[in-house]
């Protein structure tokens with residue numbers, strides 16, 4: 001039973017991370033006493049920290065690339 005509940009929490013956390021929710025807010029929503037406890041529990045399931053999971057998402061990488069891409073020089 002405990003594994004099923006943890007799996008559901010991780011699944012919910014993944015959806016919230018993909019929606020760009022703050023880790024502290026996700027931890028609170030899921031009932032963790034701190035973001036550190038949440039990060040530890042999350043890392044045990046997918047093997048990544050919440051931030052690492054978010055960075056691995058294709059949509060996150062596309063947004064970061066667009067945000068930090070250098071603008072093309074006119075006439076170049």
Checklist entry - Label residue 20 and residue 49 with points 7 Å out from Cα along Cα→Cβ: what is the distance between them in nm? => result 2.1 nm
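Report the full-extension gain for the segment residue 34 to residue 57: residue separation times 0.36 nm, less the Cα-Cα distance, to one decimal in nm.
Values: separation 23, 0.36 × 23 = 8.28 nm, distance 2.39 nm.
Gain on stretching residue 34 to residue 57: 5.9 nm.
Here, each number is a calculation from the coordinates, and none is a lab measurement. Just so it is clear, the structure is predicted and the values come from calculations on it, not from any experiment. Virtual Cβ from ideal backbone geometry, glycine too; neighbours counted across all protein chains shown.
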